[in-house]
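Report on one structure; see the data block that follows.
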Amino acid sequence: MDTFFKLILLFPLILSSYFLYVNFGFISIILTWFICGLIDVSRHKTMNLKLIKEYFIGKGFLTFLLSPLNLFADLLSFRNLHTFKIQDLPIDHQNEINEILELFDKNKEKISERFELSKEDTRTMLFYQWYGYKLDESISEFTKDYKYIKTIGVSLFREKTSTSRHFGPLRMTYRILYNFNKVKKEGSFIEADGRINKWKYDPLFIFDDTLIHQSFNEEDNLRYCAFIDIIRPSYFDHLMKLILSGIGFLLKNTRSIFYKNWKMI
């Protein structure tokens, strides 16, 4: 039924795009792009004028530019719940997630040792894989070719550190964060489009990171999170993987652009 509803919506979108092109020429491309952006940002439950401004001319500008691709991913994929429990995902996705979480628990001491040389940096990032491309082989299990998991990394927040409000660029994947050092206080958490997840109570958070979100560590302790991207459950898995593979090839050397405020190991 969900697929049928999406196909019904596709026809008026094609017709309206053709009508705009016939009547307005090249300007229609800009108009269609802007309409895609409006559809995309309107998914927010916390939408207001400040958020719209951030989306179109602030930190969401790249997400706006990619809105046609993200809406196309919506068309190919299962329903987007915005935030997820692991049980909301197909069993094959669940199995890979559980496998990678066990590896982070097993290797948490080795991981923390890699960050010892970056004590002066408040926010530090280490990537083992980036869109399927192997980057760091210090823990061999993280270089496995997974069927659905495409990015594997670690983010470290030191004491009293937070990010600004921001949007992820792509909705071909969902973001998985796992607090594997198990913080003990409530002041370490993430807020995503009004939904707050405190790591003390739930160390696993799966969400659509193209929605506005912000991470906080207001405590005097370190906060480690596994940083994982998994391909969205889709009606067209092979097409999603093909598109993501092409995107990965284009973006394989761009980590510093997306995470310019982070120290990369």
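The values are calculated or read from the model by the stated rules, or taken from the named source; none is laboratory data. Nothing here was measured: the structure is a model prediction, and the numbers come from that model. Positions of Cβ are backbone-derived with ideal geometry, glycine not excepted, and every protein chain shown enters the neighbour counts.
Brief remarks follow.
- Only one of the listed residues (Ser245, Ser256, Ser188) is over 20 Å from Leu81 (Cβ atoms) and modelled with pLDDT of 90 or more. That residue is Ser188.
- One residue stands out among those in the range 198-218 that are over 14 Å from Ser162 (Cα atoms) and touching a residue at least 60 places away in the same chain (Cβ under 8 Å): the one that is surrounded by the fewest Cβ atoms within 10 Å (Cβ to Cβ), which is Leu204.
- Looking across Leu51, Leu69, Leu65, one residue alone is closer than 23 Å to Ile231 by Cα and either surrounded by 15 or more Cβ atoms within 10 Å (Cβ to Cβ) or at pLDDT below 85 (or both). It is Leu69.
- Within the range 128-140, the set of residues being assigned to a strand (DSSP E or B) and over 17 Å from Lys263 (Cβ atoms) comprises Gln129, Tyr133, Lys134.
- Filtering the range 113-127 for residues that are part of a helix (DSSP H, G or I), surrounded by 14 or more Cβ atoms within 10 Å (Cβ to Cβ) and not assigned by TED's automatic domain parsing to the domain that holds Leu51 leaves a non-empty set.
- Residue match in the range 226-236 (condition: assigned to a strand (DSSP E or B), in contact with a helix residue (DSSP H, G or I) (Cβ under 7 Å, 6 or more places away or on another chain) and of a type in the set (S, T, N, Q)): yes
- Among residues of the range 84-142, those that are small (Gly, Ala, Ser), farther than 18 Å from Tyr178 by Cα and in contact (Cβ under 8 Å) with a residue 60 or more places away in the chain, counted: 2
- The residues of the range 152-182 that are of a type in the set (Val, Ile, Thr) and at pLDDT below 95, listed by number, are Thr161, Thr163.
- Scanning the range 141-162 for residues that are outside any strand (DSSP E or B) and among the hydrophobic types (A, V, I, L, M, F, W, C) turns up just one, Phe142.
- Considering the range 77-94, and only residues there that are out of contact with any strand residue (DSSP E or B) (no Cβ under 8 Å at 6 or more places or on another chain) and within 20 Å of Leu170 (Cα to Cα), the residue that is surrounded by the most Cβ atoms within 10 Å (Cβ to Cβ) turns out to be Asn80.
- Qualifying residue in the range 187-201 (condition: of a type in the set (Ser, Thr, Tyr), assigned by TED's automatic domain parsing to the domain that holds Thr122 and under 19 Å from Asn98 (Cα atoms)): yes
- Whenever a residue of the range 28-45 is under 22 Å from Arg195 (Cα atoms), its partners that are of a type in the set (D, E, K, R) and in a loop (DSSP other than H, G, I, E, B), lying with C-beta atoms within less than 8 angstrom and at least six residues away or across chains, give the pairs His44/Asp193; Lys45/Asp193.
- The range 46-72, residues that are more than 16 Å from the chain's Cα centre (by Cα), within 12 Å of Leu170 (Cα to Cα) and touching a residue at least 40 places away in the same chain (Cβ under 8 Å): none
- For the range 143-165, the condition of being among the charged types (D, E, K, R) and either crowded, with 20+ Cβ neighbours inside 10 Å or outside the structural domain of Arg232 (by TED's automatic domain parsing) (or both) holds for at least one residue.
- Residue check for Leu170: buried (at least 19 other Cβ atoms within 10 Å of the Cβ) and part of a loop (DSSP other than H, G, I, E, B): yes
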